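Worksheet: one structure, shown below.
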Amino acid sequence: MSVLDRLANAEREHSRFVYVIAAIAALNGLLFGFDVGVISGALLYINESFALSPFLEGVVTSSVLVGAMIGAATGGTLADRFGRRRLTLGGAVVFFVGSFGMALSPTLAWLIGWRVVEGVAVGVASIVGPLLISETAPSDIRGALGFFQQLMITVGILLAYLINYVFAPEFLGIIGWRWMLWFGAVPAAVLALGTYYLPESPRWLIEHDRIDEARTVLSCIRDADDVDEEIEDIREVSEIEEKGDLSDLLEPWVRPALIAGVGLAVIQQVSGINTIIYYAPTILNNIGFGNIASLVGTIGVGIVNVLLTVVAILLVDRVGRRPLLLVGTGGMTVMLGILGLGFFLPGLSGVVGYVTLASMILYVAFYAISLGPVFWLLISEIYPLRIRGTAEGVASVCNWGANFVVALAFLPLINRLGEGPSFWLLGGFCLLAFVFIYSRVPETMGRSLEDIEADLRENAMMGPDSGSVESPAGERSD
Ligand code: BGC
């Protein structure tokens, strides 16, 4: 049954409140996406207020990622301590204040400082949104609702691109970048207000011995008959989960999953997606498009990113994770090859310019059906239960870390190597990603999380050359 069929069936069976919770929680993804997308257009104009070298452009872009690493590293612990709901509210408030801070920055140093603060909220949002969704969604639609977060990331990026266009000085005659960065306060305010309707996660309440409150929440989102059973289940599971910590990640039987998760985290970023998400207008500008044409082209990139994420949602439970990842990284490699080639040909502003734009859009399309959503899905599936939270946190921090390195290095790299070779280098990484996925990433479609964990244990007993992670199509050796 496809994700959509399951959602349609589930809508009849589950309370609508489940969807309200997922929609509000996924606004965390929207903040994440908005912040990632808005800097692309703002950069064109920040450059006019403060003279930026390519290195400083990288610092302005990537400062948010330093904060995001801090937010992702501490988000899990903070969520356990203060609760998912209060942390969501806290993150939204920091994002709100940070948006004003960035917009009013008198100097470059202030701008960079506020971007770090905003980044902490983004990192927290990347952890707490999926956590809230997975802890309140009924198990049969957990995966589908989990995709909400990635969908909202892409919607946030598109919203940012539209805002960049609306607030472009050529359009309204104002100092555009300040308004662009300020606008983040609007979705942050919506999320903060939304938390009023958000219940605390039943799992967190149970772990804090607030059983009556947990029962009240569960009775709003489950059938009355299932409530007590679920309270018991959560109690049992949380007892098992307490045993896991960071050192457990290094146990030999967990290693293949760790390598797959961390590998995918790094691959998602070194595939170069954010060089396009952050620098699309700058690249289009260099190709010869004017400021406004560059911003419009970038909106096209944003729309394709949203639409193909929807396609991924439709396909992921039909064709599986590995085929999507392999087709996606293969396509990205080819598109980066063409994109790079464009910079060697004369007449970039003519036909070649449009071919370059088309290859950029297709590259994003291949990303959106593969590495974008499937990475976040897989890291919620491949780890053993008792270390799942910690391992997801590690993968997430590695993802933000790799994002940081790529954002900082990309413009100086272009300056040194030139655009063409830089995109070819990223294409080379996509090719390596293809090989890594082919040899290391397991298929998890249609398999319960318990089965995946049982395979890991079995493979460890049978030696390194056997099993689902080493023989990644997921066939059991028995
Ligand atoms: C990545 C982000 C990226 C976005 C693009 C997400 O899955 O983690 O770094 O900007 O996809 O859609």
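Ignoring any ligand, DNA or RNA, what whole percent of the accessible area of the range 71-130 comes from carbon and sulfur when the probe is 1.4 angstrom?
Looking at the range 71-130 in its full context, I get 76 percent from C and S.
Is the shape of the chain rounded, prolate or oblate, going by the alpha carbon gyration tensor and its root eigenvalues a ≥ b ≥ c, with a/c under 1.5 for rounded and a/b larger than b/c for prolate?
Taking the square roots of the gyration eigenvalues as a ≥ b ≥ c, the chain is oblate.
For the ranges 254-260, 177-183, what's the packing order if you count other beta-carbon atoms within 10 Å of each residue, average per peptide, and put the highest first?
Final packing ranking: 177-183, 254-260.
Below 8 Å between Cα atoms, with a sequence gap of 6+, how large is the relative contact order for the chain in percent? Don't skip to the answer; put the middle values down first.
Values: 770 pairs, mean separation 104.3, N = 478.
Over the chain, the number comes to 22 percent.
Need the C-alpha centroid separation for the range 76-94 versus the range 324-382, integer Å.
The distance from the Cα centre of the range 76-94 to that of the range 324-382 comes to 35 Å.
Compute the length gained on full extension between LEU385 and ASN286: take 0.36 nm times their separation in residues and subtract their Cα-Cα distance, giving the result in nm to one decimal.
30.8 nm
For every helix of n ≥ 4 consecutive DSSP H residues, a contribution of -39,500 (n - 2.57) applies; sum these over the chain, divide by its total residues, and give [θ] at 222 nm rounded to the nearest 500 deg cm²/dmol.
Estimated from H runs of four or more residues: -26500 deg cm²/dmol.
What does the accessible area per residue of the chain come to in Å², with a 1.4 Å probe and no ligands, DNA or RNA counted?
Details: 18800 Å² over 478 residues.
Dividing the accessible area of the chain by its residue count gives 39 Å².
Which of the DSSP-defined H helices in the chain satisfy a minimum axial length of 24 Å, computed from C-alpha atoms, and a minimum mean Kyte-Doolittle hydropathy of 0.5?
16-49, 54-82, 84-103, 108-136, 142-166, 291-319, 321-342, 351-368, 388-417, 419-440
Below 14 angstrom from the Cβ of LEU111, what's the summed charge of the other residues (Lys, Arg +1; Asp, Glu -1)?
Values: positive: ARG115, ARG178; negative: ASP35, GLU48, GLU57, GLU118.
That works out to -2.
On a full-extension model of 0.36 nm per residue, what is the gain between ALA358 and ASP226, subtracting their alpha-carbon distance, rounded to one decimal in nm? Mind dumping the intermediate values first?
Numbers: separation 132, 0.36 × 132 = 47.52 nm, distance 5.12 nm.
Taking ALA358 through ASP226 to full extension adds about 42.4 nm, to one decimal.
At 0.36 nm per residue, and after removing the present C-alpha to C-alpha distance, how many nm does the segment from ARG81 to VAL166 gain when stretched out fully?
Here the answer is 26.5 nm.
The values are calculated or read from the model by the stated rules, or taken from the named source; none is laboratory data. For clarity, every value in this text was computed on a predicted model and none was experimentally measured. All Cβ positions, glycine included, derive from the backbone under ideal geometry; neighbour counts span all protein chains shown. With ligands, DNA and RNA removed, areas are computed over all heavy atoms of the protein, side chains included. Shrake-Rupley method; radii C 1.70, N 1.55, O 1.52, S 1.80 Å.
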